[in-house]
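Every number here is computed from the coordinates shown, using simple stated rules; none is lab data. Computed from a prediction, not measured in an experiment: that's the story for all the values here. No Cβ is skipped: glycine too gets one built from the backbone with ideal geometry, and neighbour counts run over all protein chains shown.
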Amino acid sequence: MYIAGAEFTSLMDRTCIEKYKMPEIMLMENAAEVGFRRIMKIESENNLNFREITIVCGCGNNGGDGFAIARKLYNIGRDIKIIVIGNISKMSYSAKTNYDIALAMGIELFHLEKGIDISEKLKELSKSDLVLDCIFGVGLNRNIEGDYKELINCINRLKEENDYKIIAIDIPSGINGSIGEVMGVSIKADFTITFEFFKKGFLRYDTEKYLGKVYTEKIGIPYKFYNEIEDIASFIEEDYVLDNLIIREDYSHKGDFGRSVIFAASNGFYGAGYLSTQACVKTGSGLTSLVCSEDVQKILAVKLEEAMTCLYSDSERVEKLLESANAVAFGPGLGNNEKTEKLLQKILSEINIPIVIDADGINVFKAEYVKNNTNCILTPHLGEFSRLSGISIREIEKDRLGYAKKYAKDNELVLVLKGKNTIVTDGIRTMVNTTGNYAMANGGMGDTLTGIITALCAQGYEAFVAATIGVYLHGRCGDSIFENNQVVNATDIIKRIPKELKILYNRVNI
């Protein structure tokens, strides 16, 4: 499933009409048909009864979708009322055609004239089982004022009083489709039926409360169109992972699955070293070594039965490990200090293999350190990314996708911006994770993810692919555990990794 902003909708419509000779009214009819079918599914799957339906339409093409959906609902015997706001004389041909059809069919329709008492006119909403929001589409880029603002506030207020459901068509009216900003006021939908691609603005965290459950429906855009567009994000879903899994041969040995070297842990932060190393082992790294201090080794050497440990002081062995390594992890629990920074600089100057930098590695990271390494994977959360980029968290949250992509492109690295819907980008390709849940919000999750991605890099996955599969697998493990547990810990994830990998590999072979 693709993700794009409002500007992409205009490009899509224009290309379909001009290049593929698909008339606008056909696209509108397709949208109405899939919208109608999804409304029916929402009704049945949620044990609802949409007998009386009010459809609130603007005079743009979002309103045109609404008029067409009204016709389809009317044809199956539903009690339909249409409320229209705006200048009917400025409707597009497609919207006006569907408006005229609704009128000709005898569907009850009234127009909110300027200066009318909207609250009085909307009292009829109290009888509705469902309100369809078709006022504004994804192109909204100005604050909502006047009668439109009063209308939206009235719909939201009456919903609280009468408990009807609201389904937004394409986008809740009032949300900016590109950045997710509320343009003064917005419909608060229970469900959103969006067309063709997931809107980029929906990824903004504070937008979620306006969306409800989101369904993305295809409206017949030629697949060839997407192949011609380079700059478009997509979701990391199971099919993508299955397409990219490297199949293990029957006669493989440990050397075929890579050597991972992990620089992690310090006094008081032993767990970070343990979790990242153990996650690396369980994700299938052929040989895994933890480079650490003597204090750390005394504690972890006993726990890490399937990994080796090496002391920093054994510089000759450390050098040999790096020479033979296929992937490196750096940072978990190392300490935010000058010693850590110098060590990172040294490693980055000597290797050009994938390196996953997390936690204290991010704290001491400077972009100039990786100018000669195109295999660097940075895994910050929002706070760390704010420090890296010099941009406030509040500003980043307005467009996580855009800021992440720019940083990755400017610095020629893979960025994993962690959080709900983790973003993975190399500045050209951008993907958004679909797995994970709130039960995973506790210590050690980042360390575990670092180990997973490192193991995948060691096994031969290209850095971007390793990061995308890594975040998906990490969240998938959490989702499986969450089915029967309210809290999901890092050690739970590590134990689950082999099982989820087996499930995925079995599906490749089907």
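Based on the Cβ-Cβ distance from Asp243 to Ile428, what FRET efficiency comes out when R0 is 22 Å, to the nearest 0.05? The value I calculate is 0.75. Sorting the segments 238-248, 482-492, 407-417, 208-218 by their residues' average number of neighbouring beta-carbon atoms within 10 angstrom, most packed first, yields 407-417, 208-218, 482-492, 238-248. Couplings for the stretch 49-63, taken from phi via the Karplus curve 6.51 cos²θ - 1.76 cosθ + 1.60 with θ = phi - 60°, read 9, 8, 7, 9, 10, 10, 10, 9, 10, x, 9, x, 6, 5, x Hz in order; Gly and Pro are left as x. Bridging of Lys499 to lysines at a Cα separation below 16 Å is possible for Lys282, once same-chain residues fewer than 8 apart are set aside. At the listed q of 0.14, 0.16 Å⁻¹, the Debye profile of the stretch 113-233, built from one uniform point per Cα, gives log10 I(q)/I(0) equal to -0.62, -0.78. Restricting the count to DSSP beta bridges whose residues both fall in the stretch 2-229, what percent are antiparallel, rounded to a multiple of 5? Antiparallel bridges: around 5 percent, rounded to the nearest 5.
Sorting check: for 496-508, 267-279, 87-99, which peptide has the highest mean count of neighbouring beta carbons within 10 Å, and how do the rest follow?
Working: 496-508: 15.1, 267-279: 24.4, 87-99: 17.1.
Top of the packing list down: 267-279, 87-99, 496-508.
Would you work out if the stretch 2-229 is rounded, prolate or oblate? Take a ≥ b ≥ c from the square roots of the eigenvalues of the alpha-carbon gyration tensor; rounded if a/c is under 1.5, else prolate when a/b is larger than b/c, oblate otherwise. Cα axes put the stretch 2-229 in the rounded bin. What net charge is computed for the residues neighbouring Val318, neighbours being all others with C-beta under 11 Å from the C-beta of Val318, Lys and Arg scored +1, Asp and Glu -1? Counting the neighbours of Val318, the net charge comes to -2.
Antiparallel beta bridges, as assigned by DSSP with both residues in the chain, represent about 15 percent of the total such bridges.
Could you point to the label whose value was computed as P(r) over Cα pairs in 10 Å bins from 0, in percent for the structure here, given [x] 4, 20, 31, 28, 14, 3, 0; [y] 4, 18, 24, 20, 15, 11, 6, 2, 0; [z] 4, 17, 20, 19, 16, 12, 7, 4, 1, 0, 0, 0? Correct label is [y]. Placing unit charges on each Cβ (+1 for Lys and Arg, -1 for Asp and Glu) gives the stretch 182-238 a dipole about its Cα centre, and among Ile219, Thr194, Ser234 the Cα reaching farthest toward its positive end belongs to Thr194.
This model, with +1 at the C-beta of Lys and Arg and -1 at the C-beta of Asp and Glu, gives the stretch 338-463 a dipole about its Cα centre of some 260 debye. Packing order of peptides 11-17, 299-305, highest average first: 11-17, 299-305 (average count of other Cβ atoms within 10 Å over each peptide's residues). What pairs in Lys199/Lys420; Lys303/Lys418; Lys123/Lys165; Lys218/Lys420; Lys21/Lys224; Lys200/Lys371 have C-alpha atoms more than 22 Å from each other? Check vs 22 Å cut-off fails for Lys303/Lys418; Lys218/Lys420; Lys200/Lys371. Straight-distance candidates among the aspartates and glutamates for linking to Lys398, with alpha-carbon spacing under 12 Å and chain neighbours fewer than 8 residues away dropped: Glu181, Asp206.
Of the residues Leu132, Pro23, Asn156, the one whose Cα sits farthest towards the positive end of the charge dipole of the stretch 2-229 is Pro23 (charges of +1 on Lys and Arg Cβ, -1 on Asp and Glu Cβ, taken about the Cα centre). A cut-off of 5 Å between modelled amide H atoms, ignoring neighbours fewer than 5 places along the same chain, links Val185 with Ile144. Counting neighbouring Cβ atoms within 10 Å and putting the fewest first, the residues His381, His253 line up as His253, His381.
Mind checking the dipole of the stretch 294-340: about its Cα centre, +1 per Lys or Arg Cβ, -1 per Asp or Glu Cβ, Debye to the nearest 20?
On the way: 5 positive and 9 negative charges, 23 e Å.
Result for the stretch 294-340 is approximately 100 debye, rounded to the nearest 20.
Partner aspartates and glutamates whose Cα lies under 18 Å from the Cα of Lys114, excluding those fewer than 8 positions away in the same chain, are identified as Glu145, Asp147, Glu150.
Just check the stretch 259-327 against the gyration tensor rule for me: Cα atoms, a ≥ b ≥ c as the square roots of the eigenvalues, rounded for a/c under 1.5, and otherwise prolate or oblate depending on whether a/b exceeds b/c. It comes out oblate by the Cα gyration axes. Sequence gap at least 6, Cα distance under 8 Å: using those rules, report the relative contact order of the chain to the nearest whole percent. Reported relative contact order: 12 percent.
Placing unit charges on the Cβ atoms only, positive for Lys and Arg and negative for Asp and Glu, gives the chain a dipole magnitude near 220 debye about its Cα centre. A Förster radius of 45 Å combined with the Cβ-Cβ distance from Glu338 to Asn506 puts the calculated FRET efficiency at roughly 0.40.
Comparing Asn336, Gly106, Ile175 along the charge dipole axis of the chain, the residue lying farthest to the positive side is Gly106, per the Cβ-charge model.
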